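Read the structure below first, then the notes.
Values in this text are rule-based calculations from the coordinates and carry no lab data. This one's a predicted model, so the numbers in the text were calculated from it and none came from an experiment. Ideal geometry is used to build each Cβ from the backbone, glycine not excepted, and the neighbour counts take in all protein chains shown.
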Amino acid sequence: MDVSDTSRDTGWIPSTHIRGKRLVTTFIIHGLLVILMPPLLLGVITKTKAAFAGREGAPWLQPYHDILKLLRKDAVYSRTTSWVFTAGPVVTLAATAVAALLVPLGNHSAPVAFSGDMLLFAYLLGLTRFFTTLAALDTGSSFEGMGAAREVTYSCLAEPALFFALVTLAKMSGSLSLTRMLTFSSPSAWAGAVTVLLTAALFIVLLSENCRIPFDDPNTHLELTMVHEVMVLDHSGPAFGFILYASAMKLFLFAAVFLNVALPFRTGHPALDWLVFVAGMLAIAVAVGVTESVMARLRLTQIPLMLITATVLSAFSTLLIFR
Amino acid sequence: MTYLFVLCPLLFAAVAWGIKNRLRPLVLLAAALIHLLSTLWVTVTPQSPVDGGWLWLDPLGRIVLFCISVLFTICAFYAVGYLRYYNKRSNRFLCVCMLVCLSAMTLVSMAQHLGLFWVAMETTTLTMAPLIYFNRNARSIEATWKYIIICSVGIALAFLGLMFLAYSTHLAHKDATLILGELIEQAGDLNKAWLHAAFVFLIVGYGTKMGLAPLHAWKPDTYGEAPGIVGALLAGGLVNCSFLALIRVYQVCLASGPEVVFFNRVLIGMGLLSMAVAGIFIARQSDFKRLLAYSSVEHVGILSIGLGLGKGATFAALFHIINNGLTKGVLFLSAGNIHRAYSSKSVHEVRGALRRLPWSGGLFMAGFVAITGSPPFSPFISEFGIVAGAFRQGQNLVGGLFLFFLAVIFIGLARTVLPVVLGDPPEDAQPSRYQDRMLTVAPLCLVMLIILVLGIWQPPFLIRLLEDGAAMLEVGP
Amino acid sequence: MTPMEQLAHLPQTLFLADQLLVAVLLINFVMLASSRLMFCIRAAAVQGVILGLLPGIIHPFSFHIAVITVLIIVGKGIVIPNMIGKAVREVHIKREFEPFLGYIPALILGAALTAAAFVFARRLPLAPEHEALLFVPASFSTVVTGFLILTTRRKAISQVIGYLVLENGIFIFGLLLSEAMPVLVEAGVLLDLLVGVFVMAIVINHISREFSSTDTSRLRSLKEE
């Protein structure tokens, strides 16, 4: 099952340079990593923050225990909510899982890849955000409404950054598919300033979309200071478990995209590539933990400035590419 | 010899820094006299380029240098009396900065490398800034700030224009140069787009320095608040230096062929606009020093119209450099005397200057008559020459507007100057111990005499100098 | 050849210079968005140091180039920031306050004008060896940023910073033209810049003493009656 590599993307792209059996292995490992690894990232972030604070911190595998505990519990639904509230977490998890099929991990292609799938990726994430916001508004509580308003504003400002970054990558790689866009480069083709700008912009987008400091404090218990946490305040039981798991998976996906842009290491050997990928993901989790420990959350009025800075950075990288 | 010319005032400045307050004006005077003698000698003997074409006192430079030197000498004499009146204040900055400025202005008149020219212009801007603040009050600090920011930005833009000019030579010959002689030779081959951009930036930059409308916003505040002696140097010295800059640009422009038409139109347009702005704002001006600032805007406009008209009017424009410089010197210095006597600049409080200060009041009146272009003073000759040049070329609209604005400005100036000078001094005026002294009045009388004489008879060496200068500017492509 | 491919064919030194110019442009954005004065001053200093390194990078080594490089780095990186920093400390001003154009609109406007500068520079007739480089767009963009800061800020110190950025932009353009600008003139330009900033710092000090504030929108007493 040897398929040749075409330079123009027309429709379905099979894996470019690996044969049949390896294809299946790749897909299996991709699926396992996507399902099993995300909560580990959360655990690593928590441990890093604890190390900075001089504490022991929760165990590495605590998020797994939390999600499994939530799945065993009963759910409580408010009488003022409708089907939207129950649909919210389910759609979120489903959409994130589908998006996970589009993202190439490390040097390997994604299970699903076609020209234009970068747009699908962006809009799937938008769908998750849409349904989370709807579910929050459905509760009729003022806190959730406030959180929804904030979240949506910040996403509006972070979207252009993401899109400019995708456009730049598309121009650099000559393709509109995430697989090709994220796997084309190698250390020798590191195009200098453009990559630095993209890395910076994508890191800011990663922090913003996943509700990390300096945009949102995931550990706060004061509703007035929350942005994302307050939107999911009313979910309980398995639904909350889905949400927790989906947000971990979203972090995983963003980190995978970021890793491919920031560290395009290419060893020839597939097994080594997987190891490098896993190590890179853990490193990113540590980096996020470090950022969260070192910075404080920005004042709410300063967050738009930060996001527009990210947009300007990625727009600038697009400008440099098109010059 | 040429280097000594520039370095000598600097040496005197170094001496002035160290010695006592009382003796400093004498150092200033000594430096001015030596400079004047050197200038007179240089004006009558022909000069040749020095140091690979970087420095050359060509006729145009000599005209400007002559005017600056005479003006500076007058100011130096005046300074001795003026600083004696203010002997409690430290005059270190005033004297040192004036001398450094003199040195820089000398360099401006000699420099043929446009980059060096720019450095000297910027130096004149910077050395004048501390002097505006000599009176140490809130209004003058505000004026100083506006002056330094606007003029520095203007000069920076002029530098950008110079870069564009150098780039156009780079594109044409792969050998970028900013020496005027070489630029004139190569002007025909230079890239038109960059040349155009260069001229625009240079006009904007040096026009800001000169005070051409619409870039004149800093002038009324600065000239209004500066002491009389500083105002005289600004209006007579720095204006001439920046006009020389425009002339140099014009020389390159002439050599480049069809570009010159655009440049002429811009010069004439900005000149007419300057005269119009001056006419409007002079009409109801109650501060007689700001009045003089607008008069300076008007004359800058006249100079630029003269340059823009080209053949036929250039002799008159070059003559006007000298006339304007000297007359402005008299006006500012006598206005300074009046201001000091009445402790006020407003026409509501200052009346009857002819009675209180017969000499200063009379000089102010004579200066007003001269600057509005009345015979028998010399500005009449130069302004008449420019108008005649306009009509001779068939530019009737320009000539007509010129005369109209002159009339409006005459009426406006008269409306303010005559009440200041004529009538009786107000009884409730604050007494001030200032009286006209020999040193603050005699130099002005001398200059007024010169202006009167020049209006009737021009010495042959001057005519020859002006003709040589005009010949440089009327060379076709 | 696309610009990226042209870039790949450049000699190493020019490639490095290009990347440094990107850093210069980023500093422009940073200065437009920041309200803290000491931060802006240091950013302008860093910009000056980068620009001082550039002649050393793009031209082959010679005594003249070395002297220029050292002078610019010392002047723009150490002396000028110290002068302004002293003025800032003496007037006790830490932040810009209510500029005429808000920070976000200023940042967006600066980014838009930078993009316009790039487009404009593509249309200009450039020497073939300069076409793929960032010098001309970076120069225009920095000049425009300097103007923005100069005209939209209230504090006198911000206006001085804007003037410095303007001068930096003009310097970038001058880097293309080393033959026309011999050492003497470069040194003269630098000296003028130094003295200019010195005079401005002193004037700021006096303004603060007279008005108890360096808010230049208060300098309104001189006007036509």
| task | Work through the residues other than B:V119 whose Cβ is under 13 Å from its Cβ and net out their charges, Lys, Arg +1 and Asp, Glu -1. | result | -3
| message | Using Cα springs under 10 Å in a Gaussian network model of chain A, which residue among A:D138, A:D216, A:D74 shows the largest mean-square fluctuation? | response | A:D74
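Give a quick list of trypsin sites (Lys or Arg not before Pro) in segment B:239-292 that DSSP marks as loop, anything other than H, G, I, E or B, with at most 12 other Cβ atoms within 10 Å.
Working: sites: B:R248, B:R265, B:R284, B:K289, B:R290; in loops: B:R284.
When the trypsin sites (Lys or Arg not before Pro) of segment B:239-292 are filtered for loop state and at most 12 Cβ neighbours within 10 Å, B:R284 remain.
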| query | How far is it, in nm, from the label point at A:R22 to the one at B:H348 when both lie 7 Å from their Cα along the line to the Cβ? | reply | 9.3
| remark: Beyond 23 Å (Cα-Cα) in this structure, taken from B:K219/B:K328; A:K49/A:K250; A:K49/A:K73; B:K209/C:K94; B:K20/B:K219; A:K47/A:K73, we find A:K49/A:K73; B:K209/C:K94; B:K20/B:K219; A:K47/A:K73
| query | Counting only complete DSSP H runs, which helices of chain A cover 15 Å or more along their long axis at the Cα atoms and score a mean Kyte-Doolittle of 0.5 or above? | reply | A:20-36, A:38-53, A:83-100, A:117-138, A:142-173, A:193-209, A:237-262, A:270-294, A:303-322
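Once you average over the residues of B:155-165, how many Cβ atoms of partner chains fall within 10 Å of each Cβ? Numbers along the way, then the final one.
On the way: counts 2, 10, 4, 0, 8, 9, 1, 6, 11, 2, 2.
Rounded to a whole number, the mean comes out at 5.
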| note | A student applying the Cα gyration tensor rule (rounded when a/c is under 1.5; otherwise prolate if a/b is larger than b/c, oblate if not) would label segment B:256-340 oblate
| message | Can you give me the long-range amide H partners of A:A113? Hydrogens built in the peptide plane at 1.01 Å from N, cutoff under 5 Å, separation of 5 or more residues or another chain. | response | A:I13
| task | Considering the options B:P443, B:S242, A:Q302, tell which one lies farthest towards the positive end of the dipole of the protein assembly as shown, charges being +1 on Lys and Arg and -1 on Asp and Glu at the Cβ, about the Cα centre. | result | B:P443
| Cα lying deepest toward the dipole's positive end in segment A:76-193, options A:S82, A:M181, A:L166, charges on Cβ | A:M181
| task | Starting at the first residue of segment C:14-28, write each ³J(HN,Hα) from the Karplus equation 6.51 cos²θ - 1.76 cosθ + 1.60 with θ = phi - 60°, in whole Hz, x for Gly and Pro. | result | 5, 4, 4, 4, 4, 5, 5, 5, 4, 4, 4, 5, 4, 4, 3
| message | Among A:M37, A:M281, A:M118, which one shows the highest mean-square fluctuation when chain A is modelled as a Gaussian network with alpha-carbon springs under 10 Å? | response | A:M37
| Where a ≥ b ≥ c are the square roots of the eigenvalues of the C-alpha gyration tensor, would you call segment C:3-210 rounded, which needs a/c under 1.5, or, failing that, prolate if a/b is larger than b/c, or oblate? | oblate
| message | With +1 assigned to the C-beta of every Lys and Arg and -1 to the C-beta of every Asp and Glu, and no other charges, what is the dipole magnitude of chain B about the Cα centre in debye, to the nearest 20? | response | 1480
| note | Rg from C-alpha atoms of segment B:2-473, normalised by the globular rule of thumb 2.2 N^0.38 Å, equals 0.93
| segment B:372-477: trypsin sites (Lys or Arg not before Pro) in DSSP loop, at most 14 other beta carbons within 10 Å | B:R433
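Can you give the Rg/Rh ratio of the protein assembly as shown, where Rg is from the C-alpha atoms and Rh is the Kirkwood radius?
On the way: Rg = 35.7 Å, Rh = 32.6 Å.
Rg/Rh: 1.09.
Per the Kirkwood treatment, what hydrodynamic radius in Å, one decimal, follows for segment C:9-74 from the mean inverse distance over all distinct Cα pairs? Could the numbers behind the result be given before it?
Details: mean 1/r = 0.0779 Å⁻¹.
By the Kirkwood definition, the hydrodynamic radius is 12.8 Å.
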| said: So, R0 is 22 Å and r is the distance between the beta-carbons of B:W41 and B:V453; what FRET efficiency does that work out to, to 0.05? | reply: 0.55
| Inter-centroid distance (Cα atoms) of segment A:97-145 relative to segment C:73-133, Å | 39
| note | Karplus-derived 3J(HN,Hα) from phi for segment B:103-115 (6.51 cos²θ - 1.76 cosθ + 1.60, θ = phi - 60°), whole Hz, x at Gly and Pro, runs 4, 5, 5, 4, 4, 4, 6, 9, 5, 10, 8, 5, x
| query | Across segment C:43-51, in residue order, what do the Karplus-derived ³J(HN,Hα) couplings come to in whole Hz, using 6.51 cos²θ - 1.76 cosθ + 1.60 with θ = phi - 60° and x for Gly and Pro? | reply | 4, 5, 5, 4, 4, x, 5, 4, 5
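Can you work out the FRET efficiency for the pair A:S82 and A:W60, with r the C-beta to C-beta distance and R0 = 41 Å, to the nearest 0.05? Walk me through the numbers before you get to the answer.
Numbers: r = 39 Å, r/R0 = 0.95.
Calculated value: 0.55.
Counting Lys and Arg as +1 and Asp and Glu as -1, what is the net charge of the other residues whose Cβ lies under 15 Å from the Cβ of C:V119?
Numbers: positive: A:R323, C:R122, C:R123; negative: C:E131.
Taking every other residue near C:V119 into account, the sum is +2.
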| note | Measuring from its Cα centre, the protein assembly as shown shows a charge dipole (+1 at each Lys and Arg Cβ, -1 at each Asp and Glu Cβ) which, in debye to the nearest 20, is 2200
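Please give me, ordered by residue number, the trypsin sites (Lys or Arg not before Pro) of segment B:1-86 that lie in loop per DSSP and have at most 10 other Cβ atoms within 10 Å. Kindly include the intermediate steps, with their values, before the conclusion.
On the way: sites: B:K20, B:R22, B:R62, B:R84; in loops: B:K20, B:R22.
Those satisfying the criteria are B:K20.
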| field | For segment B:393-455, diffusion coefficient by Stokes-Einstein and Kirkwood Rh (Cα), 20 °C, 1.002 mPa s, µm²/s | value | 135
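Which percent of the Cα-Cα distances in chain A go past 30 Å?
Details: 17557 of 52003 pairs.
Cα-Cα pairs of chain A separated by over 30 Å account for 34 percent.
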| remark: Placing each pseudo-label 7 Å from Cα in the direction of the beta carbon, A:Y123 and A:A279 end up separated by a distance in nanometres of 3.9
| Choice from A:S247, A:S293, A:S109 showing the highest fluctuation, given a GNM over chain A with Cα pairs closer than 10 Å | A:S293
| remark: Here the net charge surrounding B:W359, from other residues whose Cβ is less than 11 Å away from its Cβ (Lys, Arg +1; Asp, Glu -1), is +1
| note | In segment B:2-473, taking the dipole from +1 charges on Lys and Arg beta carbons and -1 charges on Asp and Glu beta carbons about the Cα centre, the listed residue (B:V200, B:P375, B:A471) farthest towards the positive end is B:P375
